[in-house]
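So the structure is just underneath, and the comments pick up after that.
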Amino acid sequence: MAKTVKVGVIGAGGISGMHLGGYQNSPNAKVVAICDIDLDRAEKRAKEFNVPHAFDSVTKLLKLSEIDAVSICTPNYDHKRSTLKALAAGKHVLCEKPMAMNAREGQQMVDAARKARKLLQIGLNNRFGPDVQFAKKIIDEGKIGKPYYARSLSIRRRGVPSWGVFGQKKLQGGGPLIDIGVHSIDFTWFLMGCPRPVAVCGMTYETIGNTPGHVGQFGPWDYKTYDVEDFAVAMVRFANGATMMVESAFCANLPEDTFGCHVVGDKGGVGTGPLNVQLEIGGHLTDCTPARLPRGVKTHHVAVAAFVDSVAKGKPSLIPASEVIWVQKIIDGIYASSKARKEVRIK
Ligand SMILES: NC(=O)c1ccc[n+]([C@@H]2O[C@H](COP(=O)([O-])OP(=O)(O)OC[C@H]3O[C@@H](n4cnc5c(N)ncnc54)[C@H](O)[C@@H]3O)[C@@H](O)[C@H]2O)c1
């Protein structure tokens with residue numbers, strides 16, 4: 001029987017509920033402590049999920065020697081700091097997305113995990129969505145041929161989060177691109193077979209979020225502290241000749257919200273959000289979308305279960321930071337290209 005993995009959760013805000021629920025559903029895991037700089041919040045979550053210890057600091061949580069692994073659910077500015085502390089204390093880490101504020105920080109995390117010989121998984125849970133999983137299966141079976149082009153779309157027309165620090169560059173590293181674009185770039189790139197990115201040409205725009213009077217899907221946001229982009233667009237080139245178009249927005253005057261991708265191959269195409277499949281049959285380009293997919297899948301819970309399984313059985317992570325660092329490099333490249341007003345290389 002696999003051993004019980006004892007877990008500490010760092011950060012008790014919105015997303016911690018998904019991690020706590022995921023661990024609660026995993027027969028091989030038990031959350032033994034939670035911490036937040038806001039002790040009230042940590043105590044409330046502890047009560048809600050029956051967690052024995054609540055602390056007001058990461059240092060106090062990491063002193064519990066029984067903890068094998070941690071989930072890091074703090075804002076982006078803290079991901080590197082808490083990850084390095086947890087790895088130094090000998091814990092495996094599941095860190096929320098984006099892995100860090102930038103790829104330089106991400107690389108320090110990857111190096112520290114390698115040195116500590118511990119798992120470092122990143123919370124890119126959308127890879128486990130039934131549409132993405134179906135798309136991956138048919139791409140791996142060769143049904144769409146060789147993917148050569150993709151669109152990665154994460155568009156909220158008026159969707160600035162009204163909680164947390166999502167509009168503040170110094171605490172987040174960026175705007176929609178690093179917050180929701182990280183998911184869509186990741187699952188698109190995953191479906192393309194994780195080709196090596198070599199160059200990016202991108203542009204970001206600040207037009208709406210830092211001005212008053214807009215009605216948002218999450219209620220009013222603090223436009224006075226908002227200093228991230230509203231919209232980012234880019235073309236990414238890969239070493240194998242494939243390309244990916246990226247569009248990501250918290251605010252954009254477009255006709256619909258979109259969260260998904262299209263992957264185009266020489267034999268067919270597949271898209272997610274919602275799933276759509278196009279194959280050529282008898283010379284006709286034909287819509288072949290499955291009638292049904294599993295419903296009600298909680299992708300965070302699947303990601304947590306995969307992490308627990310990797311820790312308990314000593315298996316590699318399904319979403320290792322050493323792979324996902326390329327997604328962070330693409331994002332860094334888009335911001336750098338926009339600033340330089342020219343294509344930049346990705347190394
Ligand atoms: N995978 C996903 O789909 C998904 C969805 C939402 C959020 N997230 C990620 O999760 C992270 C947190 O987002 P959220 O929506 O829960 O934000 P949140 O603001 O609701 O919660 C963050 C919590 O971290 C606490 N905190 C801040 N610094 C801390 C520190 N040094 N030590 C301990 N606690 C600290 C805050 O007090 C707050 O309670 C972000 O990085 C975000 O990108 C991922």
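Please compute the alpha carbon radius of gyration of the chain, then divide it by the globular-protein estimate 2.2 N^0.38 Å. Two decimals is fine.
Details: Rg = 20.2 Å, N = 347, 2.2 N^0.38 = 20.3 Å.
Dividing the Cα radius of gyration by 2.2 N^0.38 Å gives 1.00.
Would you please classify the overall shape of the stretch 1-138 from the alpha carbon gyration tensor, given that a ≥ b ≥ c denote the square roots of the eigenvalues, rounded means a/c under 1.5, and beyond that prolate means a/b larger than b/c while oblate covers the rest?
Working: a/c = 1.45, a/b = 1.16, b/c = 1.24.
The shape class here is rounded.
Counting only helical runs of four or more DSSP H residues, what would the 222 nm mean residue ellipticity of the chain come to if each run contributes -39,500 (n - 2.57) and the total is spread over all its residues?
Working: 10 runs with 112 residues, N = 347.
Taken over the chain, the calculation gives -10000 deg cm²/dmol.
Taking only protein heavy atoms and a 1.4 Å probe, what accessible area per residue, in Å², does the stretch 1-105 have with all protein chains in place? Can you show the working numbers first?
Numbers: 4580 Å² over 105 residues.
Per residue, the stretch 1-105 has an accessible area of 44 Å².
If you take the beta carbon distance between ARG114 and ARG295 as r and set R0 to 56 Å, what does 1/(1 + (r/R0)^6) give as a FRET efficiency, to the nearest 0.05?
Numbers: r = 39 Å, r/R0 = 0.70.
Once the sixth-power term is evaluated, E becomes 0.90.
What full-extension length gain, to one decimal in nm, is calculated for LYS342 and HIS214 as 0.36 nm per residue of separation minus the Cα-Cα distance? Walk me through the numbers before you get to the answer.
Working: separation 128, 0.36 × 128 = 46.08 nm, distance 3.19 nm.
Value of the extension gain: 42.9 nm.
Which value, in debye to the nearest 20, gives the size of the charge dipole of the chain about its Cα centre, when Lys and Arg are +1 and Asp and Glu are -1 at the Cβ?
On the way: 45 positive and 32 negative charges, 211 e Å.
Around 1020 debye, computed over the chain.
If I take every Cα pair under 8 Å that is 6 or more residues apart in the stretch 71-167, average their sequence separation and divide by the length, what percent do I get for the relative contact order? Kindly include the intermediate steps, with their values, before the conclusion.
Working: 90 pairs, mean separation 22.4, N = 97.
In percent, rounded to a whole number, it is 23.
Return the FRET efficiency for the residue pair ASP287, THR243: r is the Cβ-Cβ distance, R0 is 35 Å, and the value is rounded to the nearest 0.05. List each step's numbers first, then the result.
On the way: r = 24 Å, r/R0 = 0.69.
The calculated FRET efficiency here is 0.90.
Please compute the length gained on full extension between ARG104 and ASP257, using 0.36 nm multiplied by the number of residues separating them and subtracting their Cα-Cα distance. Mind dumping the intermediate values first?
Numbers: separation 153, 0.36 × 153 = 55.08 nm, distance 3.16 nm.
Length gained, ARG104 through ASP257: 51.9 nm.
Please work out whether the stretch 240-296 counts as rounded, prolate or oblate from its C-alpha gyration tensor, where a ≥ b ≥ c are the square roots of the eigenvalues and a/c under 1.5 means rounded, while otherwise a/b larger than b/c means prolate and anything else oblate?
On the way: a/c = 2.24, a/b = 1.35, b/c = 1.66.
Verdict is oblate for the stretch 240-296.
On the accessible surface of the stretch 16-156, probed at 1.4 Å, how many percent belong to carbon and sulfur atoms? Kindly include the intermediate steps, with their values, before the conclusion.
Numbers: 3130 of 6230 Å².
Within the stretch 16-156, the accessible surface is 50 percent carbon and sulfur.
Equivalent-ellipsoid semi-axes (√(5λ), Cα gyration tensor) for the stretch 125-251, whole Å, largest first?
Details: eigenvalues 191, 50, 23 Å².
Taking √(5λ) for each eigenvalue gives 31, 16, 11 Å, largest first.
Per residue Cα convex hull volume for the stretch 223-347, in cubic angstrom? Kindly include the intermediate steps, with their values, before the conclusion.
Working: hull volume 28.3 nm³, N = 125.
Enclosed volume per residue, from the Cα hull, is 227 Å³.
Give the shape of the stretch 57-196 as rounded, prolate or oblate, defined through the alpha-carbon gyration tensor: a ≥ b ≥ c are the square roots of its eigenvalues, a/c under 1.5 means rounded, and otherwise the shape is prolate if a/b is larger than b/c and oblate if not.
Details: a/c = 2.31, a/b = 1.45, b/c = 1.60.
Taking the square roots of the gyration eigenvalues as a ≥ b ≥ c, the stretch 57-196 is oblate.
Per residue, how many Å² of accessible area does the stretch 106-164 show with a 1.4 Å probe?
Working: 2720 Å² over 59 residues.
Per residue, the stretch 106-164 has an accessible area of 46 Å².
Mind checking the full-extension length gain between LYS146 and LYS44? Use 0.36 nm per residue of separation minus the Cα-Cα distance, one decimal, nm. The partial results should precede the final answer.
Working: separation 102, 0.36 × 102 = 36.72 nm, distance 5.00 nm.
Stretched fully, the LYS146-LYS44 segment lengthens by 31.7 nm.
The values are calculated or read from the model by the stated rules, or taken from the named source; none is laboratory data. This is a predicted model, so every value here is computed, not measured. Using ideal geometry, Cβ is built from the backbone for each residue, glycine included, and neighbour counts are taken over all protein chains shown. Surface areas here come from the heavy atoms of the whole protein model, side chains and all, with no ligands, DNA or RNA. Shrake-Rupley method; radii C 1.70, N 1.55, O 1.52, S 1.80 Å.
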